[in-house]
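Report on the following structure.
The values are calculated or read from the model by the stated rules, or taken from the named source; none is laboratory data. Just so we're clear, the structure is a prediction, and the values are computed from it rather than from any experiment. Virtual Cβ from ideal backbone geometry, glycine too; neighbours counted across all protein chains shown. Note: areas computed on protein heavy atoms with side chains; ligands, DNA, RNA excluded. Shrake-Rupley method; radii C 1.70, N 1.55, O 1.52, S 1.80 Å.
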Amino acid sequence: MKNIETLKKENMNLSEKIYIFDTTLRDGEQTPGVALTVDEKIQIAQKLNNLGVDKIEVGFPASSKGEIESARKIKSLDLDSTLVGLSRSLKSDVDAVLDADLEYIHTFIGTSPLHRDYKLKMSKSEIIAKACEAVEYGKDHGLTVEFSAEDATRTERDFLVEVYREVVSSGADFLDVPDTVGILTPILTHELITDLKDSFKIPLSVHFHNDFGLATANTLTAIECGVNQAHVTVNGLGERTGNCSLEELVMTLKASYDIDLGLDTTRLYSLSNLVGRLTGVKMPVNKPIVGANAFAHESGIHVHGILNNASTYEPMSPEMVGHSRRIVLGKHTGANALKSKLKKYHIDLNDKQFEKVFSEIKSLGDSGKCVTDDDLVAIAITELGSARETPIIMKGLSISMGGNVSPTATVKLEIDGNEKEASSTGVGPVDAALNAIRLLVKDTVDIKLEEYNLEAITGGTDALAEVFVISSDSDDNKSTGRSTNQDIVMASILAVLDSMNKLLLIKRA
Ligand code: MN
């Protein structure tokens with residue numbers, strides 16, 4: 001295989017400088033269901049600046065007063081990144097960008113037949129006139145102007161080139177090529193960008209959407225063909241399935257192409273988490289670079305390799321992006337993984353104790369359940385005999401329901417040797433019982449139910465119900481609990497008590 005340096009020389013036309021244009025606060029905010037407050041936008045802008053992105057598109061000032069306010073506030077932070085405002089090809093939109101105190105405008109107009117005929121209802125010459133008017137107006141007001149031909153990839157090539165030529169003569173500083181509905185593939189990108197690079201001397205930019213999961217691959221191809229700038233978003237957020245992901249592009253360039261954009265990539269993971277939290281769009285576990293599993297290992301063979309040399313099963317180190325390596329316990333866990341985990345928690349077991357803990361972890365894994373670190377600690381501590389007692393014991397339960405009365409549960413528990421009783425209502429009997437338990441234990445353990453799964457193991461009304469729960473405490477310890485019982489309410493209560501007891505053991509250990 002040829003190495004990357006040879007390929008760079010022979011097959012690529014890389015630009016000297018590649019600008020990262022982040023549009024998390026604009027296109028990213030257009031993710032369905034996402035709306036950011038001014039304060040949240042400020043937090044994200046600061047983190048993007050600390051990461052070192054060249055440009056931050058802060059919003060669409062013409063769309064609301066709040067957008068203008070947030071742009072102004074971000075401007076007042078005096079960041080190093082250049083701040084950009086979006087604008088349609090309308091003087092009033094350009095005025096809003098000026099009003100927001102920004103010096104760089106990203107102005108666009110739809111150029112494809114679909115946009116001309118169905119959205120704008122304008123002829124080709126009207127489109128060109130509007131585009132040039134906005135570019136000239138922006139230049140007259142001292143702005144740096146980036147022009148986007150919206151839906152460029154579905155625009156007739158000769159018309160696309162004509163539009164770009166006209167806006168260049170009107171003074172545009174950057175030409176942006178949006179793949180608005182994400183229809184490009186790497187080879188189509190190669191053809192388009194090579195053609196445009198041959199036709200234009202001013203910097204070219206790309207704005208690629210991810211409808212077929214190719215936004216990062218296409219953006220990378222565009223960079224190989226010489227574009228000077230890539231539009232990206234944190235976590236790949238954006239309209240529909242989003243845009244090219246900032247972290248994927250930056251890390252591919254850094255780790256695979258040996259192109260350092262001068263960004264502090266160790267900030268990527270925390271930036272991703274912040275954006276996930278503020279937008280409410282959580283990343284799937286298998287999201288590249290920033291997903292929970294990006295550096296997680298479970299199988300015995302892989303963990304064995306990782307423990308000897310992490311590069312065996314990792315293409316880059318988690319430290320490069322501020323993430324961390326995680327050894328996960330489950331059905332594929334090997335003895336090496338378990339030993340390294342126990343060492344991490346400073347738990348010394350003799351061989352016999354180790355075997356028992358190992359087989360318990362395996363059987364939990366075999367039953368299809370995940371095993372958290374806290375589970376392991378609880379199991380190991382129990383095995384060590386340092387805390388064999390069960391702090392909370394079920395002593396009695398009665399449920400009453402019927403008619404239009406809310407179900408009521410009375411629960412009696414023994415907590416550290418003292419019997420206590422409480423009643424509560426709920427939407428159903430399980431909810432009522434769990435509410436009563438919460439009242440009883442509130443001074444002992446602050447528990448939150450994160451996951452609740454009920455399964456009938458056999459058929460019939462006397463079927464065994466298996467309940468599996470994951471709960472967490474205020475220190476964010478997590479523990480699973482399980483119980484099997486012919487009664488659903490009882491199975492639920494016992495599963496919750498099981499996980500509570502584990503959390504208490506961890507806390508007290
Ligand atoms: Mn877009």
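Restricting to region 304-321, and then to whatever is part of a helix (DSSP H, G or I) and touching a residue at least 60 places away in the same chain (Cβ under 8 Å), can you tell me which residue is farthest from the chain's Cα centre (by Cα)? For region 304-321, the residue satisfying everything is M320. Counting only helices (runs of 4 or more DSSP H) that sit completely within region 207-303, those holding 2 or more residues that are more than 14 Å from the ligand (Cβ to nearest atom) and more than 20 Å from the chain's Cα centre (by Cα) correspond to 215-224. Cβ-Cβ contacts under 6 Å between residues 6 or more apart (or on different chains), taken from a first residue in region 11-35 that is acidic (D, E) to a second residue that is away from the ligand (no atom under 16 Å from the Cβ), are listed as D22/L48; D22/V53; E29/L36. When N218, N210 are screened for being polar (S, T, N, Q) and within 26 Å of N3 (Cα to Cα), only N218 passes. Just one of the listed residues (I183, I193, I187) is open to solvent by less than 10 Å² (accessible area, probe 1.4 Å) and either part of a helix (DSSP H, G or I) or out of contact with any Cys (no Cβ under 7 Å at 6 or more places or on another chain) (or both), and it is I193. Beta carbons closer than 6 Å, at least 6 apart along the sequence or on distinct chains, pair a first residue in region 376-395 that is of a type in the set (S, T, Y) with a second that is at pLDDT 80 or above and open to solvent by 10 Å² or more (accessible area, probe 1.4 Å) for T390/N501.
Can you find a residue that is open to solvent by 20 Å² or more (accessible area, probe 1.4 Å), in contact (Cβ under 8 Å) with a residue 24 or more places away in the chain and assigned to a helix (DSSP H, G or I) anywhere in region 454-464? No; the residues of region 454-464 include none that is open to solvent by 20 Å² or more (accessible area, probe 1.4 Å), in contact (Cβ under 8 Å) with a residue 24 or more places away in the chain and assigned to a helix (DSSP H, G or I). For region 407-448, residues that are in a strand (DSSP E or B) and open to solvent by less than 60 Å² (accessible area, probe 1.4 Å) total 11. Based on what the data block shows, is K75 surrounded by 15 or more Cβ atoms within 10 Å (Cβ to Cβ) and either farther than 28 Å from V321 by Cβ or touching a residue at least 24 places away in the same chain (Cβ under 8 Å) (or both)? Yes; evaluated as a whole, the condition is true for this residue. Scoring S15 on the criteria (1) exposed (fewer than 15 other Cβ atoms within 10 Å of the Cβ); (2) of a type outside the set (V, I, T); (3) touching a Gly at 6+ places or on another chain (Cβ under 8 Å); (4) within 19 Å of N228 (Cβ to Cβ) leaves a single failure, condition (1). Set side by side, the residues E136, E126 differ, and just one is acidic (D, E), open to solvent by 80 Å² or more (accessible area, probe 1.4 Å) and closer than 15 Å to R165 by Cβ, which is E136.
Restricting L253, L263, L271, L237 to residues that are farther than 24 Å from D211 by Cα and of a type outside the set (K, R) narrows the list to L263.
Just for region 152-174: of the residues that are within 16 Å of the ligand (Cβ to nearest atom) and not in a loop (DSSP other than H, G, I, E, B), which one is most open to solvent (accessible area, probe 1.4 Å)? Of everything passing the filter in region 152-174, R154 is most open to solvent (accessible area, probe 1.4 Å).
In region 479-491, the residue that is modelled with the lowest pLDDT out of those that are crowded, with 21+ Cβ neighbours inside 10 Å and not small (G, A, S) is T480. Of the listed requirements (1) open to solvent by 30 Å² or more (accessible area, probe 1.4 Å); (2) over 28 Å from the mean Cα position of the chain (by Cα), T82 misses just one: (2). Tallying residues that are among the hydrophobic types (A, V, I, L, M, F, W, C), modelled with pLDDT of 75 or more and within 21 Å of D443 (Cβ to Cβ) within region 379-400 yields 4. The sole residue among K343, K331 that is within 30 Å of N273 (Cβ to Cβ), open to solvent by 40 Å² or more (accessible area, probe 1.4 Å) and not in a helix (DSSP H, G or I) is K331.
Against the list (1) outside the structural domain of K502 (by TED's automatic domain parsing); (2) not in a helix (DSSP H, G or I), the condition L376 fails is (2). Please verify whether S148 is at pLDDT 95 or above, among the small types (G, A, S) and touching a strand residue (DSSP E or B) at 6+ places or on another chain (Cβ under 6 Å), treating the condition exactly as stated. So S148 passes the test.
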